[in-house]
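The values are calculated or read from the model by the stated rules, or taken from the named source; none is laboratory data. The model shown is predicted, which means the values in this text are computed figures rather than measured ones. Because the Cβ atoms are built from the backbone with ideal geometry, glycine has one as well, and the counts that use them run over all protein chains shown.
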Amino acid sequence: PGAVFVASPKHVLVAVLSAAGLPKMDVFGLCDPYVKVLVGEQEARTAYIRNTVAPTWNQLFNFELWPSYEREYPGVVLEVWDHDDLTPDDFIGKVEIKWDDLTGEDRELIIRGGKTPQHIDGHEVGRLKLQATYARCVERGFQQGAHLTKAHFQHLRALLDEDGGG
């Protein structure tokens with residue numbers, strides 16, 4: 001079997017790993033968090049995990065990078081939301097990664113809260129662990145949100161080592 005990932009300046013690979021320290025959002029219970037991953041006009045989301053303030057997703061997303069994105073958008077945006085069954089989902093906070101910072105290293109970033117994704121007041125509402133780099137997943141049958149396996153992590157590490165870490 002060949003490599004699962006190949007370096008590609010025209011693609012962004014985002015691994016949403018986990019979060020910690022999320023606020024309790026629900027009257028009964030804790031929080032049902034999920035992450036929206038936004039690259040330019042493209043959006044994908046993780047599964048939501050019930051009743052936790054420290055979810056683990058380990059989900060992988062791959063996006064094609066259009067030339068206009070790097071001019072029109074500051075980078076990759078990850079919004080953290082609380083899933084609700086009967087009412088609209090609640091925004092928790094977001095993380096932005098500038099294009100130059102897509103190095104593929106494991107990162108734990110502060111989630112900044114606010115009323116809506118457009119109105120961030122900057123207070124810390126938890127931390128999001130992720131990896132993001134310029135690469136493409138060439139695994140046959142890959143689908144957005146695929147769950148990461150140990151082999152994925154090994155392939156990603158090998159790709160980053162090959163590439164000099166970014």
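Here are the numbers for this structure:
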{"item": "Residue that is farthest from the chain's Cα centre (by Cα) [pool: residues in region 71-104 that are among the charged types (D, E, K, R) and loosely packed, with under 13 Cβ neighbours inside 10 Å]", "result": "Asp85"}
{"item": "Every pair of residues 6+ apart whose Cβ atoms lie under 6 Å, when the first sits in region 51-62 and is under 12 Å from Asp82 (Cα atoms) and touching a residue at least 12 places away in the same chain (Cβ under 8 Å) while the second is outside any strand (DSSP E or B) and of a type outside the set (Asp, Glu)", "result": "Asn51/Gly29; Asn51/Leu30; Thr52/Leu30; Val53/Leu22; Val53/Leu30; Val53/Cys31; Pro55/Ile49"}
{"item": "Total residues in region 10-29, condition over 24 Å from Gly141 (Cβ atoms), surrounded by 17 or more Cβ atoms within 10 Å (Cβ to Cβ) and in contact with a Ser or Thr (Cβ under 9 Å, 6 or more places away or on another chain)", "result": "2"}
{"item": "Only listed residue being part of a loop (DSSP other than H, G, I, E, B) and not small (Gly, Ala, Ser), chosen from Val27, Val35, Val16", "result": "Val27"}
{"item": "Where Ala7 falls short, out of the listed (1) surrounded by 18 or more Cβ atoms within 10 Å (Cβ to Cβ); (2) at pLDDT below 95", "result": "(1)"}
{"item": "Residues within region 54-70 that are assigned to a helix (DSSP H, G or I) and buried (at least 16 other Cβ atoms within 10 Å of the Cβ), tallied", "result": "1"}
{"item": "Subset of region 38-53 that is outside any strand (DSSP E or B) and among the polar types (S, T, N, Q) - its residue that is surrounded by the most Cβ atoms within 10 Å (Cβ to Cβ)", "result": "Thr46"}
{"item": "Residue in region 143-159 that is hydroxyl-bearing (Ser, Thr, Tyr) and in contact (Cβ under 8 Å) with a residue 40 or more places away in the chain present", "result": "no"}
